[in-house]
Structures are given as structure tokens and as C-alpha cells.
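Novice: Here you go, one structure.
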Amino acid sequence: MISAEFIHALRQVEKEKEIPLDRLLPTIEDALVSAYKKDYGGTGSVRVVIDPNRPSVMVFAERQVVDKVEDPVNEIGLDQARKQKPDAQVGDVVEVEVTPDNFGRIAAQTAKQVVLQRIREAERDTVYDEYKNRVGEVVSGIVQWREGRNVYVNLGKVEALLPPKEQVQGEPYRFGDRIRVYILDVRKAAKSPMVIVSRTHPNLLRRLFEMEVPEIADGIVEIKSVAREAGARSKIAVASTEEKVDPVGACVGPRGSRVQSVVQELYNEKIDVVRWSEDIREYVRAALSPAKPTSVRITDAERKSILVIVPSSQLSLAIGKEGQNVRLAARLVGWKIDIRDEARLAAEQAAEAEEPEASAAPEDDVE
């Protein structure tokens with residue numbers, strides 16, 4: 001008989017570690033097979049069955065049927081074999097129960113370390129499966145420690161890695177800071193699953209708005225596109241499925257409360273919420289906010305190129321610092337945007353109109 005306390009301990013593991021008993025038992029049975037072969041010999045097939053309800057453990061081994069037994073570990077006499085299998089013949093292989101009287105105690109002791117290791121493996125697999133299914137989600141964690149440029153964030157069941165390329169320049173990541181991170185990838189590792197998280201991914205911004213704006217969760221407001229330069233500025237285009245609902249107003253919230261919650265989570269990253277439109281010209285106008293173009297013309301629909309004319313006073317605003325505003329707008333709408341100064345363009349056009357037509361060159365004499 002296997003110890004009832006042993007089964008009770010397994011049920012405690014099942015409860016505390018959230019590892020199903022029916023997942024543990026096959027692992028333990030494999031470990032007990034190894035324990036049996038180590039202590040009692042045998043080279044043939046051995047099978048261990050644990051019945052948690054009795055509780056009991058039974059060992060079954062294959063024996064070759066022979067006339068005269070010379071190797072009792074691997075052979076069985078014909079008469080004995082026919083007690084297990086009435087039609088057994090010499091040369092057959094039969095499975096018989098070979099459970100030693102004290103196997104419950106010996107097996108539990110021998111297999112203890114193996115079982116604990118398998119339990120740890122099962123626990124790692126459970127955590128891996130959980131977080132693998134959460135790739136693409138935003139979770140909350142606490143900054144735990146640093147190793148070189150790597151930052152580790154405690155997510156509860158696992159410590160996630162925030163590598164340098166997924167960190168936002170200027171964010172402090174102080175010990176004990178609670179931050180939200182985007183689950184980028186989950187990989188199997190020796191000690192525990194390696195969860196890779198990001199603070200720079202554009203979908204972090206998307207998920208934060210989904211969490212903050214009920215109309216998005218309800219499907220009334222839809223996020224059409226996101227363009228982000230993490231830590232500096234982002235643009236998000238939204239549309240509404242209901243005419244009475246203003247998608248920009250829903251995302252901004254009363255007195256800007258909703259967008260400010262996202263801004264604070266991203267350490268004051270500037271966020272432009274713009275209205276999406278099927279008309280690419282209107283969409284580009286909105287995307288270039290806060291600049292206000294005077295004219296938007298499609299120059300090459302096939303290559304997705306568009307010309308935007310802005311007042312001279314708004315040229316720097318439209319382009320943005322180091323080209324950031326127009327770069328984000330182009331990324332948001334998916335078109336190449338060419339911005340021209342209204343006054344300069346008018347001057348160029350006037351100059352071209354005033355140029356006299358070039359006189360025709362004299363024809364060469366032809367013999």
C-alpha cells in the first residue's frame with residue numbers, strides 16, 4: 001500500500017500549485033518505474049499504476065514464459081503464467097503483478113527527488129501555457145530588480161524580462177514601481193518560462209485605450225490605426241459604429257480624463273487622438289493635427305502619395321520637431337505625405353508662369 005499521506009500531499013500540490021492530480025500521476029508513475037528497476041532489477045517492460053482512491057500502488061512487469069525458470073526477474077514458469085493467462089504458451093510474454101510488500105514506502109522515498117523535480121516541471125509548463133495564451137495582452141507588474149541594462153518585472157507567478165530594446169528612454173523603472181507592460185513573447189527556459197515584455201510596442205497604447213474606454217470594449221468605438229514613437233509622441237486614429245457617438249470625445253473622456261490616464265501610465269508621452277475617415281484627404285488632415293492644411297491633393301493613388309499645402313505659419317507645426325509630426329501621420333494613414341509651404345508654392349508657381357517661352361533653336365542646314 002502507498003502512504004495515504006503521500007496522496008494527501010499530492011492533493012495539496014494540486015490545490016496550491018494548480019497542477020491537476022491527473023497530470024501529476026502519470027509523471028509519478030514513470031518515476032516509480034525507475035525506482036522499481038533500480039531497487040528490484042528487471043530489464044523488461046514495467047508498469048506502475050497508482051489508485052489515489054484506495055490509495056494503493058501496483059507494479060506490473062512483463063515475464064517470458066519458460067519451462068524452467070532460470071532468471072526469476074524476467075522469466076515465469078508455464079504453470080504460474082497460466083494463472084494469469086489460461087492460454088499462455090512457452091515463449092509468450094505475459095504481464096504479472098510484482099508489487100513488493102514494502103514498495104509503497106521504498107518507492108516514495110526513492111522517487112521523492114524525482115517527483116519533486118517533475119512537479120516543478122509541471123508547474124513550469126502550467127505557467128508557460130498560461131502566459132503563452134496571454135501574448136498580446138497588457139498586464140500589471142512591479143519592477144523587481146535590474147541586471148545590467150535588463151529590467152525584471154514581477155507579474156505574480158513569474159518574473160518577466162524587459163530588455164533594453166523594449167524600454168522607453170527616460171522611463172525610470174525604479175524598484176517597487178508598478179507599471180503596465182505588453183506581453184511580447186513567452187519562451188521555455190530551464191528554471192521558469194521566460195516572459196518577454198515591452199513598453200515600446202504600439203499595441204501597448206492600443207490595449208491601454210481598450211482598458212480605459214468602455215466604448216471600445218463595447219465595440220462602439222474602433223481603433224483603426226496606431227503610430228508611436230515611444231516616450232515622445234503617438235497618434236491613434238479612431239472611428240465610431242454609431243453616428244451619435246463621437247469617437248475622439250469618447251477616447252479623450254470628460255475633461256480629458258481618459259486620455260490623461262493613458263498619458264500618465266506612459267510617463268507623459270504626448271498622444272494625439274484623431275478621427276479616422278474613409279476619405280484619405282480628410283484622414284490626412286486629421287492625422288497632421290494640430291496643423292491645419294489648406295489643401296490636400298492625391299498625387300499618385302497607386303503609390304499612395306499625397307501633397308499637403310499648409311500656411312507658412314503652420315509649416316513647422318505640420319512637420320514637427322525633427323519631422324516627427326509628419327512622420328507619425330504618414331505611418332498612421334499608410335501614405336507618403338509631401339508637405340509644401342503655401343506662400344512658397346504660390347511664389348514658385350508665379351515665377352514659372354512669368355518665365356518667357358524659350359525661343360526655338362535655328363534648324364541646322366541640311367545638305
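Novice: Residue by residue through the range 124-152, note down the ones that are under 30 Å from LEU24 (Cβ atoms), more than 14 Å from the chain's Cα centre (by Cα) and of a type outside the set (Lys, Arg).
Specialist: ASP125, THR126, GLY141, GLN144, TYR152
Novice: Something else about it: Looking at the range 133-160, which of its residues are touching a residue at least 60 places away in the same chain (Cβ under 8 Å) and farther than 19 Å from GLU171 by Cα?
Specialist: Within the range 133-160, GLY136, GLU137 qualify.
Novice: Which count do you get for residues in the range 169-202 that are of a type outside the set (Phe, Trp, Tyr) and buried (at least 17 other Cβ atoms within 10 Å of the Cβ)?
Specialist: 17
Novice: Do you know which residues across the range 165-203 are under 30 Å from ALA122 (Cβ atoms), polar (S, T, N, Q) and in a loop (DSSP other than H, G, I, E, B)?
Specialist: Matches in the range 165-203: SER192 only.
Novice: Looking at ALA217 and the list (1) small (Gly, Ala, Ser); (2) in contact (Cβ under 8 Å) with a residue 12 or more places away in the chain; (3) over 25 Å from TYR152 (Cβ atoms); (4) surrounded by fewer than 22 Cβ atoms within 10 Å (Cβ to Cβ), which single condition is not satisfied?
Specialist: (2)
Novice: Checking the conditions here, which among GLU322, GLU348 is acidic (Asp, Glu), in a helix (DSSP H, G or I) and modelled with pLDDT of 90 or more?
Specialist: The match here is GLU322.
Novice: Follow-up question, since we're still on this one. Within the group ARG275, ARG228, which residue is within 26 Å of the chain's Cα centre (by Cα) and within 26 Å of GLU322 (Cα to Cα)?
Specialist: Only one candidate passes the filter, namely ARG228.
Novice: Which pairs turn up if I take residues in the range 55-84 that are over 27 Å from GLU29 (Cα atoms) and without any contact (Cβ under 8 Å) to a residue 60 or more places away in the chain and look for partners that are aliphatic (A, V, I, L, M) and surrounded by fewer than 17 Cβ atoms within 10 Å (Cβ to Cβ) with beta carbon separation below 8 Å, at least 6 apart in sequence or on another chain?
Specialist: Going by the 8 Å Cβ cut-off, the qualifying pairs are VAL66/LEU78; VAL66/VAL90; ASP67/LEU78; ASP67/VAL90; GLY77/VAL69; LEU78/VAL90.
Novice: Give me the residue from the range 161-178 that is without any contact (Cβ under 8 Å) to a residue 60 or more places away in the chain and of a type in the set (A, V, I, L, M) and, out of that set, farthest from GLN117 (Cα to Cα).
Specialist: My answer is LEU162.
Novice: Return yes when GLN314 is over 18 Å from ALA237 (Cβ atoms) and either surrounded by 13 or more Cβ atoms within 10 Å (Cβ to Cβ) or modelled with pLDDT under 95 (or both) and no when it is not.
Specialist: Judged against the criteria, GLN314 is a match.
Novice: Go through the range 184-203 and report how many residues are of a type in the set (A, V, I, L, M) and either under 18 Å from TRP145 (Cα atoms) or assigned by TED's automatic domain parsing to the domain that holds ILE236 (or both).
Specialist: Qualifying residue count for the region: 4.
Novice: If I ask for residues that are touching a strand residue (DSSP E or B) at 6+ places or on another chain (Cβ under 6 Å) and more than 21 Å from ALA291 (Cα to Cα), which ones from the range 225-262 would you list?
Specialist: SER240, ALA250 - these are the residues of the range 225-262 that are touching a strand residue (DSSP E or B) at 6+ places or on another chain (Cβ under 6 Å) and more than 21 Å from ALA291 (Cα to Cα).
Novice: Filter the range 128-167 down to residues that are touching a Ser or Thr at 6+ places or on another chain (Cβ under 9 Å) and under 21 Å from ASN203 (Cβ atoms) and give me whichever is surrounded by the most Cβ atoms within 10 Å (Cβ to Cβ).
Specialist: Among them, the one singled out is LEU162.
The values are calculated or read from the model by the stated rules, or taken from the named source; none is laboratory data. Being a predicted model, the structure only gives us computed values, none of them experimental. Don't worry about glycine lacking a Cβ; one is built from the backbone with ideal geometry, like all the others, and counts go over all protein chains shown.
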